[in-house]
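Colleague: Dumping the structure here so I can ask a few things about it.
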């Protein structure tokens, strides 16, 4: 069970006044959850930036709030960031119950080389890059690996039912959902250049030619 730790302080500053906290290098955050009263906290900006970057949304975080005896096990659910600097402005943490299953999305990581691509010139098509799972917090995983080396020929495919998840992890995405497939090579269409002779332009008669035509 991957886990990181975070130290926090209770927060009394709310609303628009939190901008004064940010100026001091302190980021406001909230803890919420099922059967859990919402708790306002604040965290050192540099520490929070590091923790949220490494933990993402599917790694357990142990938050020790000053004045509380026991740490809280949470997941970073929503992080508000500055559009320009990408600095964290606010984070919502979801407190989990270690005896209750949680549902979340985990990314698919593709590994290996598909012989259908390397040897037969096919094109590897990725249909989805994440799946929905359910598990107890202790069984939480960060990713599911997809080995594409089994795709030996054009037309070979991997479906959700073929994924190998860790024990205790239930994949909720439809089993028949396509994950990846080797497609036939794309054919380059060569358009034949057709040379068209320019049409002869009709020139209006002028000068003596126009006079001669008039007399005629």
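Colleague: Determine the gain in length on full extension of the stretch residue 136-residue 14; use 0.36 nm per residue of separation and subtract their C-alpha separation, reporting nm with one decimal.
Modeller: 40.6 nm
Colleague: Nearest-5 percent of antiparallel DSSP beta bridges in the chain?
Modeller: Expressed as a percentage, antiparallel bridges in the chain total about 70.
Colleague: Now a separate question. Which whole-number percent is the relative contact order of the range 102-183 (Cα, under 8 Å, 6+ apart)?
Modeller: It rounds to 40 percent for the range 102-183.
Colleague: Before rounding to the nearest 500, sum -39500 (n - 2.57) across all DSSP H runs of length at least 4 in the chain and divide by the residue total; then give [θ] at 222 nm in deg cm²/dmol.
Modeller: Computed mean residue ellipticity for the chain: -3500 deg cm²/dmol.
Colleague: Could I ask something else about it? In nm, to one decimal, how far is the modelled label at residue 82 from the one at residue 40, with both set 7 Å along Cα→Cβ?
Modeller: 2.3
Colleague: Let me ask something additional. Among 115, 28, 167, determine the one that fluctuates most according to a GNM of the chain built with springs between C-alpha atoms less than 10 Å apart.
Modeller: Evaluated over the chain, the most mobile residue of the options is 167.
Colleague: Please state the relative contact order of the chain as a whole percent: Cα pairs under 8 Å, 6+ residues apart?
Modeller: Computed over the chain, the figure is 16 percent.
Colleague: What is the helix-to-structure angle for 45-55, meaning the angle in degrees between its Cα long axis and the longest Cα principal axis of the chain, kept from 0 to 90 and rounded to the nearest 10?
Modeller: 70
Colleague: May I ask for the distance between the Cα centers of the range 114-146 and the range 14-90, given as a whole number of Å?
Modeller: About 31 Å separates the Cα centre of the range 114-146 from the one of the range 14-90.
The numbers here are math on the coordinates, done by the rules we state, and not lab data. Computed from a predicted model, the values in this text were never measured in an experiment. Please note: Cβ atoms are built from the backbone with ideal geometry, for glycine as well, and neighbour counts cover all protein chains shown.
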